[in-house]
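A.B. asks: Quick one: the structure is below, questions incoming.
The values are calculated or read from the model by the stated rules, or taken from the named source; none is laboratory data. Predicted model, so just to flag it, every value in this text is computed and none were measured. Heads up, the Cβs are rebuilt from the backbone with ideal geometry, glycines too, and the neighbour counts pull from every protein chain shown.
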């Protein structure tokens, strides 16, 4: 049985090796993660990681999106129940999985409504970096891009990078040629995808 000390073994298996294991080993991973969650001795962050891992399993390997979002929602709820600073997982990254699943489930209205709620909740506070705001603006940008609204997409992606720990994009929207909005968006999106920050780099 995988205990709490082996949470990252279970997490890595859930992410990278689950589909390559024998059926009995797949059941073993799921059972182990559930045992981690149910144990009174498990630290909150490890329980969040276990819920997150189960969501990943049901999303990417079992392909049960409703079950996946159920586990991700439990991870979000548990992470939101404490102000403890986590060392290995960002609350905003867990929420990002929920956003992706809402998109896959074609719950566009719920997704957009949730983005606005998060922006309204945190947008008036001063942050050097914030994973919730970063992801909220990033997803707004993606929605606008898919609609062909490239200026709005770029505006939102520039807002997203304002809340990213690394500030590497200084272009002002008013000096960008109208014909370049799409290219500028794609360049900035590529920069963001290539720069990966550690959990400890984020203010929130």
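A.B. asks: Name the one entry in 115, 192 that is modelled with pLDDT of 90 or more, within 30 Å of residue 63 (Cβ to Cβ) and crowded, with 17+ Cβ neighbours inside 10 Å.
C.D. replies: The match here is 115.
A.B. asks: Could you identify the single residue in 77, 114 that is free of Cβ contacts under 8 Å to residues at least 40 places away in the same chain and within 30 Å of residue 147 (Cβ to Cβ)?
C.D. replies: Result: 114 is the single residue among 77, 114 that is free of Cβ contacts under 8 Å to residues at least 40 places away in the same chain and within 30 Å of residue 147 (Cβ to Cβ).
A.B. asks: So how many residues does region 138-161 have that are surrounded by fewer than 20 Cβ atoms within 10 Å (Cβ to Cβ) and more than 20 Å from residue 180 (Cβ to Cβ)?
C.D. replies: Looking only at that region, the number is 1.
A.B. asks: Given the residues 53, 81, 131, 93, which is the only one that is surrounded by fewer than 20 Cβ atoms within 10 Å (Cβ to Cβ) and within 15 Å of the chain's Cα centre (by Cα)?
C.D. replies: Testing whether each residue is surrounded by fewer than 20 Cβ atoms within 10 Å (Cβ to Cβ) and within 15 Å of the chain's Cα centre (by Cα) leaves just 93.
A.B. asks: If you don't mind, there's one more thing I want to ask. What's the number of the condition residue 63 fails, among (1) surrounded by fewer than 16 Cβ atoms within 10 Å (Cβ to Cβ); (2) not in a loop (DSSP other than H, G, I, E, B)?
C.D. replies: All conditions pass for residue 63, except number (2).
A.B. asks: Regarding residue 29, is this residue under 23 Å from residue 114 (Cβ atoms), free of Cβ contacts under 8 Å to residues at least 60 places away in the same chain, touching a helix residue (DSSP H, G or I) at 6+ places or on another chain (Cβ under 9 Å) and buried (at least 18 other Cβ atoms within 10 Å of the Cβ)?
C.D. replies: Considered against the rule, which asks whether it is under 23 Å from residue 114 (Cβ atoms), free of Cβ contacts under 8 Å to residues at least 60 places away in the same chain, touching a helix residue (DSSP H, G or I) at 6+ places or on another chain (Cβ under 9 Å) and buried (at least 18 other Cβ atoms within 10 Å of the Cβ), residue 29 comes out as no.
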